[in-house]
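Note sheet for the following structure.
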Amino acid sequence: MSKEPVAVVGIGQTKHVAARRDVSMAGLVREAAQRALADAELTWADIDAVVIGKAPDFFEGVMMPELYLADALGAVGKPMLRVHTAGSVGGSTALVATNLIAGRVHGTVLTLAYEKQSESNAMWGLSLPIPFTQPLLAGAGGFFAPHVRAYMRRTGAPDTVGSLVAYKDRRNALKNPYAHLHEHDITLEKVQASPMLWDPIRYSETCPSSDGACAMVLTDRAGAARSPRPPAWLHGGAMRSEPTLFAGKDFVSPQAGKDCAADVYRQAGIADPRRDIDAVEMYVPFSWYEPMWLENLGFAEEGEGWKLTESGVTELDGDLPVNMSGGVLSTNPIGASGMIRFAEAALQVRGQAGDHQVDGARRVLGHAYGGGSQFFSMWLVGAAPPAS
Amino acid sequence: MTREIAVVAFAQTDHRRTSDEHSEVEMLIPVLHDVLDQTGLKTSDIGFTCSGSTDYLAGRAFSFTMALDGVGAWPPISESHVEMDGAWALYEAWTKLLTGDADTALVYGYGKSSPGSVRDVLTRQLDPYYLAPLWPDSVALAALQAQALIDAGETDEPALAGVASRSRASASANSHAQLRGSVAQGDYVVRPLRTGDCPPIGDGAAAVILAAGERARELCERPAWIRGIDHRIEAHSLGVRDLTDSPSTRLAAERAGAFERPVDTAELHAPFTSQEVVLRKSLRLGDEVSVNPSGGALAANPVMATGLIRIGEAAARIHRGESDRALAHATSGPCLQQNLVAVLEGDAR
């Protein structure tokens, strides 16, 4: 049996900042949702269902916030689902929404992900003691730094690669009006001179802590035909999970990431990702994850990812632009971060990415991961409808 | 042509007041093995896995990531999670099967209410700016709803006591239930609700396997076909809702096709006796329908699994040939804010 084709016809996000003290959580999500509706030239009445995602409830201290947010998202009288798959949640949320359309349950669905980190303290939220379990009190950077070290040792990558990624992403962010960090005076030297936090990860190679929301309106073939602006078409989407800790785990290049990408490429008919995909918006919270994911996603042979970064291939005007929006390194409302990646991929193939638009972007990959490199979600969107 | 999807296996724990000696993973593993054994499937045969839980019961972020280890998640699996009752995880799995991307799905829900005060914990799901700071707890909010029903002449305290005693008498036949047989109605907790009108606090888990089309017939002698499933949410604020009614339940039931033909069984997720009164009205259930033959949430209420258990219990009756058309209901949020209805049928005999 064939699936209903799924199209992205509306995208909205907030200006991401350290603290949105002017709005409640309801105000924040509504702002993004209204922008997505405006982009699609639809109203609340056109939405059949709402799928919302965010990272742990402890980040804001509200249990199952979808209950309280139902009114703000026009969901009263409609179905509302709440997804939570750790850091990959923004991507997973969008994929759950696509299934509602692909399975012909609904015609038009609003999907949204957010985090209002200023309401609480994410580091505290992640550090609650667990009886009889080794706590990860070093924070996310402390968990990931050894895996970056392992990557450097395994590939022989020079220790300058991480700073190149950060410098590129922060410059890309200057072209994105919604990005959190706008460091107008950024230089490579400044990145390299920033304090070492978790060796080899420097301060300027880490993501900020943001308030923000991202929303998309997804619809079926009939809905896409009515779209006032070019839709982005879903060509493939997948999720994969593996345990955080187990003896055979490859933290540098997890099998779940490879399998997830392979599933997406199979669905999309991608034979050679390096040749067939025009740009990639990937989840890079620490700069070294760009070369690591380039290999994990099949854009480079094992051990070769850093060479793409070093040679400028991943620059905005390079042969394979990566993180055109400025990426997670410039904007990180955790629960929304995955959806922002997916939304950026869609913006690119719609030709709506403004100053960070990649010329001729026809097929773009959006990527998210979460947990201890444990959960993966990805989608590939195209300017043209899928073949089948 | 819509794909036919059925519940082909269901398992649950014995629900208990505490389970200090077991982690969540240890609590889950037996039920996961149980449903897999019933179908002869291995984890690697499952096309999609989805779970429902809430971090707030465990008191820590990302608690579901540990529970996933119980599935034996290697090689990597296609998997998702809802921070909701497992019934909504089943809904997500159902949509995944509808797309044709998978033929089988493993769904589970679990919760350990024993480590904390679930009454206090649930206050954290209220509007964080205006309502939650006042700490109105789940029993107090349910009591408002019960009083509204009594004031409207829709029930009275003896009738509520009748719901309690009928539920726990039914649970006598359910070896998994926590409160069974003759249970005293007790003192007031929050007027007009007495101990007997409230659910027990306990720990538990449940798992279901879904399968599509012919695969379902291979895995189960009498599959419980999901003829319709839908869920709806209402406004959060109690002040803008008529607490004596549940329009979201009625709409979900309509969309699920519940009113097209009579059902013989209804498993309702009504943790408070008064909520059964509201649901019976919204679902137009007459006395001829067997309501909560398992004992329902008044006999066992493992938060985050209770709704999934309703679907599982309804399906199991169809598997056993005790029902031909059953309705299952799950709820989330204060005073029945969000409701899911599924209609299950067995093949004609």
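Over the Cα atoms of segment A:199-277, compute the convex hull volume and normalise it per residue, giving Å³. Intermediate values should be presented prior to the final figure.
Numbers: hull volume 16.7 nm³, N = 79.
Expressed per residue, the convex hull around the Cα atoms of segment A:199-277 is 212 Å³.
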For this session: Anything over 19 Å Cα to Cα? Flag those among A:K168/A:K307; A:K15/A:K175; A:K116/A:K175, in the order listed.
Result: A:K116/A:K175
Exercise. Just the Cα atoms of segment B:209-349: what Rg and Dmax do they give in Å?
Worked result: 14.7, 50
Seminar exercise, completed: Simple SL model, points at 7 angstrom along Cα→Cβ for B:D45 and B:D120; separation in nm is 4.6 nm
Exercise. Can you list the equivalent-ellipsoid semi-axes of segment A:27-106, largest first and in whole Å, using the square root of 5 times each Cα gyration tensor eigenvalue?
Worked result: 20, 16, 12
Seminar exercise, completed: Taking only the alpha carbons of segment B:87-190, the radius of gyration and the largest Cα-Cα distance, Dmax, both in angstrom, are 19.0, 53
Exercise. To the nearest 10 degrees, how steeply does helix B:157-170 sit against the main Cα axis of chain B, on a 0 to 90 scale?
Worked result: 30 degrees
Problem set entry | Rg in Å to one decimal, and Dmax rounded to a whole Å, for segment A:328-373 via C-alpha atoms | 11.6, 35
Seminar exercise, completed: Two pseudo-spin positions, 7 Å from Cα along C-beta at A:D48 and at A:A271, lie apart in nanometres by 3.6 nm
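Can you tell me the dipole magnitude for the protein assembly as shown around its Cα centre, using point charges on the Cβ only (Lys, Arg +1; Asp, Glu -1), in Debye to the nearest 20? Please report the intermediate quantities before stating the final value.
Working: 65 positive and 88 negative charges, 91 e Å.
So the magnitude is around 440 debye.
Over segment B:153-224, what number does the Rg to Rh ratio reach, with both radii from the alpha-carbon atoms and Rh per Kirkwood? Could you put the intermediate results ahead of the total?
Numbers: Rg = 18.1 Å, Rh = 15.2 Å.
Using only Cα positions, Rg/Rh for segment B:153-224 is 1.19.
Given a cut-off of under 8 Å on Cα pairs at least six residues apart, what relative contact order in percent is computed for segment A:263-306?
27 percent
How many percent of the alpha carbon pairs in segment B:1-103 exceed a separation of 16 Å? If you can, show how the numbers build up before the last one.
Values: 3279 of 5253 pairs.
Roughly 62 percent, once rounded to a whole number.
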Exercise. For chain A, what is the largest minus smallest coordinate of the Cα atoms on each principal axis, given in angstrom and ordered from greatest to least?
Worked result: 54, 46, 44
Problem set entry | Relative contact order, percent, segment B:68-110 [alpha-carbon distance under 8 Å, six or more residues apart] | 35 percent
Problem set entry | Residues with amide H under 5 Å from that of B:I5, placed H, sequence gap 5 or more | B:G213, B:I226
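Given a Förster radius of 41 Å and the C-beta distance between A:F246 and A:L188 as r, what FRET efficiency does 1/(1 + (r/R0)^6) yield to the nearest 0.05?
Values: r = 38 Å, r/R0 = 0.94.
In this case the efficiency is close to 0.60.
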For this session: Sort all Cα-Cα distances of the protein assembly as shown into consecutive 10 angstrom bins from zero, then give the percent of pairs in each bin up to the one containing the longest distance.
Result: 3, 16, 27, 26, 17, 8, 3, 0
Exercise. Under 29 Å from the Cα of B:K96, which lysines turn up, not counting those fewer than eight places away in the same chain?
Worked result: A:K3, A:K54, A:K78, A:K249, A:K258, B:K42, B:K112
Exercise. In µm²/s, what is D for segment B:104-147 at 10 °C and 1.306 mPa s, where D = kT/(6 pi eta Rh) by Stokes-Einstein and Rh is the Kirkwood radius from Cα pairs?
Worked result: 128 µm²/s
Exercise. Can you work out ³J(HN,Hα) from phi for every residue in segment A:75-88, in order, using Karplus 6.51 cos²θ - 1.76 cosθ + 1.60 and θ = phi - 60°, giving whole Hz and x for Gly and Pro?
Worked result: 8, 4, x, 10, x, 9, 10, 10, 9, 8, 10, 6, x, 7
Problem set entry | On Cα atoms only, tilt of B:24-39 relative to the major axis of chain B in degrees | 50 degrees
For this session: Using only Cα atoms, tell me the angle between helix B:306-319 and the longest principal axis of chain B; keep it within 0 to 90° and round to the nearest 10.
Result: 60 degrees
Exercise. When the distances between all Cα atoms of chain B are binned every 10 Å from zero, what whole-number percent does each bin get?
Worked result: 6, 27, 36, 23, 7, 0
Problem set entry | Farthest positive-ward along segment B:229-349 dipole, Cα basis, beta-carbon charges - from B:A330, B:L344, B:S294 | B:A330
Problem set entry | Column: log10 I(q)/I(0), Debye, Cα scatterers of segment A:203-344, q = 0.20, 0.21 Å⁻¹ | -1.45, -1.52
Problem set entry | In nm, spacing of pseudo-spin labels at B:D187 and B:D287 (7 Å Cα→C-beta vector) | 3.5 nm
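Can you list the equivalent-ellipsoid semi-axes of segment A:90-219, largest first and in whole Å, using the square root of 5 times each Cα gyration tensor eigenvalue?
On the way: eigenvalues 203, 101, 56 Å².
Each semi-axis is the square root of five times an eigenvalue, giving 32, 22, 17 Å.
Please give the per residue volume of the convex hull enclosing the alpha carbon atoms of segment A:258-306, rounded to a whole number of Å³. Intermediate values should be presented prior to the final figure.
Details: hull volume 3.8 nm³, N = 49.
It comes to 78 Å³ per residue, whole-number rounded.
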Exercise. Which value, in nm² and rounded to one decimal, describes the direction-averaged projected area of the C-alpha convex hull of segment A:145-214?
Worked result: 5.5 nm²
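All of the numbers you see were taken from the coordinates with simple rules; none came from a lab. What you see is a predicted model, and the numbers here were worked out from it, not measured in a lab. In this analysis, Cβ positions are derived from the backbone assuming ideal geometry, glycine residues included, and neighbour counts consider all displayed protein chains.
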